[in-house]
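Working notes, structure below.
The values are calculated or read from the model by the stated rules, or taken from the named source; none is laboratory data. What you see is a predicted model, and the numbers here were worked out from it, not measured in a lab. Because the Cβ atoms are built from the backbone with ideal geometry, glycine has one as well, and the counts that use them run over all protein chains shown.
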Amino acid sequence: MDRGQLVVAAAAAFTEQLLGIAEAAGSDLAHVSLREAGFAPDLEARLDKAIADKRIWNIHDVVLLHKGRLVLARYFEGEDATWGRALGRVAFNQSVLHDLRSVSKSVVDLLYGIALAEGKVPPPEVSLLQAFPEYPDLAADQARAHWTVRHVLTMTMGTEWDESSAPYTDPTNSEIAMERAPDRYRYVLDRPIVTEPGKAGFTAVVQQRCSDA
């Protein structure tokens with residue numbers, strides 16, 4: 001097992017899916033009707049009504065693909081931001097980049113499940129640091145030795161991570177510090193452990209740290 005199995009497989013699949021969707025939505029890819037794809041034929045009208053009735057809001061785009069064919073592609077305008085800096089109202093389309101942020105974790109988890117079913121990634125109970133042999137010092141840490149792939153997927157590594165108490169303009173903000181670190185992997189894996197792995201998720205850890213401060 002190496003990092004390619006654990007990280008690259010999920011990241012590559014994620015990127016491939018995103019690029020495929022963008023290309024499909026803006027190309028002459030074959031279309032299929034909502035009914036043929038198994039969706040309610042009035043789905044688009046229902047989407048418009050839900051938005052008009054303000055039952056759903058701030059929708060930036062909706063793209064549906066079914067077996068390599070485009071079912072629906074709708075783009076809207078909405079507020080966007082990056083690292084806490086407001087970008088204003090953006091007219092989204094298939095070529096406009098979007099700050100995905102936490103949604104990426106859900107997509108990576110989904111793709112990991114697909115890759116796991118195909119035998120392309122290690123199972124959740126495998127030791128995480130086996131995928132990072134270049135950090136023997138971290139693997140020797142008994143607290144980190146208990147980490148598994150599952151802890152990463154469920155965000156329960158129990159490490160300190162704070163994007164709440166410090167703004168994104170502050171170098172102590174965990175995400176900004178990670179961006180500036182010479183080795184992002186080491187920065188993430190070397191964060192102080194503040195709670196037992198598997199016992200608390202990211203939010204609980206941040207709340208604990210902020211309340212202790």
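Residues of the stretch 69-123 being over 25 Å from SER174 (Cβ atoms) and of a type in the set (A, V, I, L, M), which ones?
Across the stretch 69-123, the qualifying residues are LEU70, VAL71, LEU72, ALA73, VAL90, ALA91, VAL96, ILE114, ALA115, LEU116, ALA117, VAL121.
Of (1) modelled with pLDDT under 90; (2) more than 17 Å from the chain's Cα centre (by Cα), ALA145 satisfies all except one. Which?
(1)
From (1) outside the structural domain of ASP183 (by TED's automatic domain parsing); (2) modelled with pLDDT of 95 or more, pick out the condition that doesn't hold for ILE114.
In the conditions (1) outside the structural domain of ASP183 (by TED's automatic domain parsing); (2) modelled with pLDDT of 95 or more, ILE114 misses (2) alone.
Suppose the filter is outside any helix (DSSP H, G or I) and either of a type in the set (Phe, Trp, Tyr) or in contact (Cβ under 8 Å) with a residue 12 or more places away in the chain (or both); does ALA81 pass it?
For ALA81, the condition - outside any helix (DSSP H, G or I) and either of a type in the set (Phe, Trp, Tyr) or in contact (Cβ under 8 Å) with a residue 12 or more places away in the chain (or both) - is met.
Of everything in the stretch 110-131 that's of a type outside the set (Gly, Ala, Ser) and part of a loop (DSSP other than H, G, I, E, B), which residue is farthest from ARG150 (Cα to Cα)?
GLU118
Among the candidates ALA177, ALA200, ALA204, which residue alone is at pLDDT below 90 and in a helix (DSSP H, G or I)?
The match here is ALA204.
In the list ARG144, ARG55, ARG101, which residue meets the criterion of being part of a loop (DSSP other than H, G, I, E, B) and under 22 Å from ASP190 (Cα atoms)?
ARG101
Checking PRO133 against (1) surrounded by fewer than 17 Cβ atoms within 10 Å (Cβ to Cβ); (2) assigned by TED's automatic domain parsing to the domain that holds ARG46: exactly one of these is not met. Which one?
(2)
LEU138 versus (1) at pLDDT below 95; (2) of a type in the set (A, V, I, L, M); (3) more than 21 Å from the chain's Cα centre (by Cα): which is the lone unmet condition?
Condition not satisfied by LEU138: (1).
Kindly list the number of the only condition in (1) at pLDDT below 90; (2) of a type in the set (A, V, I, L, M); (3) outside any loop (DSSP other than H, G, I, E, B) that fails for MET155.
(3)
Restricting to the stretch 152-186, what's the tally of residues that are of a type outside the set (A, V, I, L, M, F, W, C) and more than 22 Å from PRO197 (Cβ to Cβ)?
Residues that pass the stated criteria total 11.
In the stretch 54-97, how many residues are more than 28 Å from GLU36 (Cα to Cα) and of a type outside the set (Lys, Arg)?
The qualifying residues number 16.
Take the stretch 154-176 and flag every residue that is surrounded by fewer than 17 Cβ atoms within 10 Å (Cβ to Cβ) and either of a type in the set (A, V, I, L, M, F, W, C) or in the same structural domain as ALA81 (by TED's automatic domain parsing) (or both).
ALA166
Given the criteria polar (S, T, N, Q), surrounded by fewer than 16 Cβ atoms within 10 Å (Cβ to Cβ) and at pLDDT 85 or above, does SER95 qualify?
Yes, satisfied.
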